[in-house]
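Presented below is the structure to which this report refers.
The values are calculated or read from the model by the stated rules, or taken from the named source; none is laboratory data. As the structure is a computational prediction, the values presented were derived from the model and not from experiment. We place every Cβ from the backbone using ideal geometry, glycine too, and count neighbours over all the protein chains shown. Heavy atoms of the whole protein, side chains included, go into the accessibility calculation; ligands, DNA and RNA do not. Shrake-Rupley method; radii C 1.70, N 1.55, O 1.52, S 1.80 Å.
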Amino acid sequence: MNKNYVNDKFEVVSMEKLKQKFKEKFGSEGEMKAFFAPGRVNLIGEHIDYNGGHVFPCALSIGTYAIARKRNDHKIMLFSQNFEDSGIVEVDLHNLTFNDTHEWANYPKGVIATFLQANYSLPVGLEIAFWGNIPNGAGLSSSASIELVTSIIIKELYQLNIEMIDIVKLSQKAENEYIGVNCGIMDQFTIGMGKKGHAILLNCHTFEHSYIPISLDKYTLVIANTNKRRGLSDSKYNERRNECKQALTALNKKVAVEALGDLTVAEFEKYKYLINDPIVKKRAKHAVYENNRTLKAVERLNQNDIESFGRLMNESHRSLRDDYEVSCMELDTLVELAWNEGAIGSRMTGAGFGGCTISIVDQKEIDVFIDSVSAAYYEQTGLIADFYVVEIGEGANRL
């Protein structure tokens, strides 16, 4: 089996190459500016962001690059090197309605539309060329990455007076209302506010957050992509979110909390009888216990107890598999193979139903780990997994 590392699979991005593509598509006159927004991975705290609990994500060194320039008319011209066959998507600044045929371009269109709805002044159009090295549909937030890089472009090109937290909120609003995916704040927050070498402990209810240095000593983070594609808006994501709302409504008969993340484990155990539907009760159990696991995991990390952190990751996966039921055969296979090959922690990450796992692996064992897991995964599923040995990178910025 071939080992598919991110370093091998994707060329190191050349901004000169992207600039050349931009000139080829849009001409060479006028000032071009370069931007970047990372992907993200969540170390623990899954399906908690819309439940008001704590998550523990980090920005990645892979992401979405863009070259942009203002125009003198009202045209919006969008091109992606990842979808070169689609050509240039051209729309009018004053007609940014969602269009199925525009596919990937609906994400930057939605961001621009959301800024306009928020009464920010965009007097002229713009042209953007994108290139990303995040695998699409893998659960590493390629959609939020393109949203944030577009938001940073808008802020810089139009010299808007807007703070990053408000950029994050507008980007999330674009995904919720324009794209139609009820995602929580975590993806956009992490990509906008990321810090190199740190994960973010984020309370998704209050936005209170702290940066936690990641010191894995002899271990490293390995992301494995199942290569089972799943579209987030087509998944049961919205269904799970609604089930959690049902649980909260039932609990509110006795407990005055605004979100499941406000509950302690003891409080949930005391009042869970209020939830009549056993499926809804399982969903709420995951949300409450996962929030507790996340806080414990950060404590263990601060104590430099990587092994305990890994065990909590394993517990997280079992809960996502059994109580929240957002895993799938491919994810479970990769996680179990990682456990068998000595990963001290491994779990699905992202919305589920496909996408990626995140594992903590001994640096000295990476080659053996990837060879063994890759071969066994192919044998059991017929799919070839891609592996990414990742670093924790900066948030969205102008280059």
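Overview of values
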| quantity | calculated |
| --- | --- |
| Subset of the stretch 156-168 (residues that are in a helix (DSSP H, G or I) and open to solvent by 20 Å² or more (accessible area, probe 1.4 Å)) | Glu156, Met164, Ile165, Asp166 |
| Residues (part of a loop (DSSP other than H, G, I, E, B) and touching a helix residue (DSSP H, G or I) at 6+ places or on another chain (Cβ under 7 Å)) located in the stretch 107-119 | Ala118 |
| In the stretch 374-399, residue most open to solvent (accessible area, probe 1.4 Å) [restricted to those that are closer than 29 Å to Phe130 by Cα and of a type in the set (A, V, I, L, M)] | Leu399 |
| Residues (on the phi < 0 side of the Ramachandran plot, open to solvent by 10 Å² or more (accessible area, probe 1.4 Å) and polar (S, T, N, Q)) located in the stretch 292-313 | Asn292, Asn302, Gln303, Ser308 |
| Matching residues in the stretch 97-106 - criterion: being open to solvent by less than 60 Å² (accessible area, probe 1.4 Å) and either farther than 24 Å from Gln117 by Cβ or part of a loop (DSSP other than H, G, I, E, B) (or both) | Asn99 |
| Tyr289, sole failed condition from (1) surrounded by fewer than 21 Cβ atoms within 10 Å (Cβ to Cβ); (2) within 30 Å of Lys228 (Cα to Cα); (3) in contact (Cβ under 8 Å) with a residue 40 or more places away in the chain | (3) |
| Strands (runs of 3 or more DSSP E) wholly inside the stretch 169-278 containing at least 3 residues that are surrounded by 15 or more Cβ atoms within 10 Å (Cβ to Cβ) and in contact (Cβ under 8 Å) with a residue 60 or more places away in the chain | 198-203, 219-225 |
| Subset of the stretch 133-150 that is outside any loop (DSSP other than H, G, I, E, B) and open to solvent by 10 Å² or more (accessible area, probe 1.4 Å) - its residue that is modelled with the highest pLDDT | Ile146 |
| Hey, Ile153 open to solvent by less than 30 Å² (accessible area, probe 1.4 Å) and more than 14 Å from the chain's Cα centre (by Cα) or not | yes |
| Selected residue (only one of Val361, Val368 is open to solvent by 10 Å² or more (accessible area, probe 1.4 Å), more than 20 Å from Lys228 (Cβ to Cβ) and among the β-branched types (Val, Ile, Thr)) | Val368 |
